[in-house]
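First up is the structure itself, then whatever we jot down about it.
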Amino acid sequence: MKVAVYPGSFDPVTNGHMDLIKRGAGLFDKLILGVLINPQKHPLLSMEERIDILSELTREISNIEVKAFQGLLVDFVEREKADVILRGLRTSEDFAYELPLAQANYKMNRKADTLFLATAPEYSYISSGGVKEILHFGGDIKDMVPEVVYKRLLRL
Ligand code: ADP
């Protein structure tokens, strides 16, 4: 059984994340969405909200689990007995950021292979950070996030 971990802050989850989640679930026997607890960041949405939203959005995909984690990603991967870390690549900037992370993780744990999925072109401009910035200045983010997220963010 091949198990992948897709880690991220998902603050908030975007249509780009959802595309990767659906494709990842089709590629592996189990896909664990690892929601990062980062004490240094002040998230827009609480951990509970992010877990609830991801669980609701993936309710109909039976091989997905949603879990919070903190500390080293490789330790989480080990605990979950996962084979693969799944990440998305939007741009060459993502590649420059992701490659040393993947290499550091592999150095720390030879069983922690990272696989990258190329983002669907229609989502490659979307980032959680961008969504937050546009929202902050009153712009429209309807096309960037799932409807449940959109409704939740409008209430902030
Ligand atoms: P982080 O806290 O690591 O920045 P994010 O939640 O922003 O976490 O992103 C998690 C993963 O999702 C990364 O691999 C990132 O490349 C991928 N990702 C982010 N936005 C998109 C998108 N629009 N399309 C596909 N993958 C994406």
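The values are calculated or read from the model by the stated rules, or taken from the named source; none is laboratory data. Because the structure is a prediction, the values reported are computed rather than measured. Note that we place each Cβ from the backbone using ideal geometry, even for glycine, and neighbour counts take in every protein chain shown.
Screening LYS67, LYS111 for residues that are in contact with an Asp or Glu (Cβ under 8 Å, 6 or more places away or on another chain) and modelled with pLDDT under 95 leaves exactly one candidate, LYS111.
Yes or no, residue by residue, for (1) within 13 Å of the ligand (Cβ to nearest atom); (2) assigned to a strand (DSSP E or B); (3) without any contact (Cβ under 8 Å) to a residue 40 or more places away in the chain:
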{"site": "ASP11", "(1), (2), (3)": "yes, no, no"}
{"site": "MET18", "(1), (2), (3)": "yes, no, no"}
{"site": "ARG23", "(1), (2), (3)": "yes, no, no"}
{"site": "VAL35", "(1), (2), (3)": "yes, yes, yes"}
{"site": "ARG50", "(1), (2), (3)": "yes, no, no"}
{"site": "LEU54", "(1), (2), (3)": "yes, no, no"}
{"site": "GLU60", "(1), (2), (3)": "no, no, yes"}
{"site": "GLY88", "(1), (2), (3)": "yes, yes, no"}
{"site": "ASP94", "(1), (2), (3)": "yes, no, yes"}
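Looking at ARG155, is it among the basic types (Lys, Arg), under 22 Å from PRO12 (Cβ atoms) and modelled with pLDDT under 95? In short, yes.
List the number of the failed condition for PHE76; all other conditions in (1) among the aromatic types (Phe, Trp, Tyr); (2) more than 9 Å from the ligand (Cβ to nearest atom); (3) surrounded by fewer than 16 Cβ atoms within 10 Å (Cβ to Cβ) hold. The failed condition is (3). Looking across region 37-48, the residues that are more than 10 Å from the ligand (Cβ to nearest atom), within 21 Å of ASP75 (Cα to Cα) and not in a helix (DSSP H, G or I) come down to ILE37, PRO39, GLN40. Residues in region 1-44 that are loosely packed, with under 15 Cβ neighbours inside 10 Å and in contact with an Asp or Glu (Cβ under 8 Å, 6 or more places away or on another chain) were compared, and the one that is farthest from VAL145 (Cα to Cα) is MET1.
Do we find a residue being touching a residue at least 60 places away in the same chain (Cβ under 8 Å), more than 19 Å from PRO7 (Cβ to Cβ) and within 15 Å of the ligand (Cβ to nearest atom) anywhere in region 107-128? Scanning region 107-128 turns up at least one residue that is touching a residue at least 60 places away in the same chain (Cβ under 8 Å), more than 19 Å from PRO7 (Cβ to Cβ) and within 15 Å of the ligand (Cβ to nearest atom). Every condition in (1) out of contact with any helix residue (DSSP H, G or I) (no Cβ under 6 Å at 6 or more places or on another chain); (2) more than 7 Å from the ligand (Cβ to nearest atom) holds for VAL5 except the one numbered (1).
Among the residues of region 99-151, those that are among the basic types (Lys, Arg) and over 18 Å from the mean Cα position of the chain (by Cα) comprise LYS107, ARG110, LYS111, LYS142, LYS151. It is to be established whether one or more residues within region 126-140 are of a type in the set (D, E, K, R) and at pLDDT below 95. No, because not a single residue in region 126-140 is of a type in the set (D, E, K, R) and at pLDDT below 95. Scanning region 102-152 for residues that are assigned to a loop (DSSP other than H, G, I, E, B) and of a type in the set (Ser, Thr, Tyr) returns THR119, SER124, TYR125, SER127.
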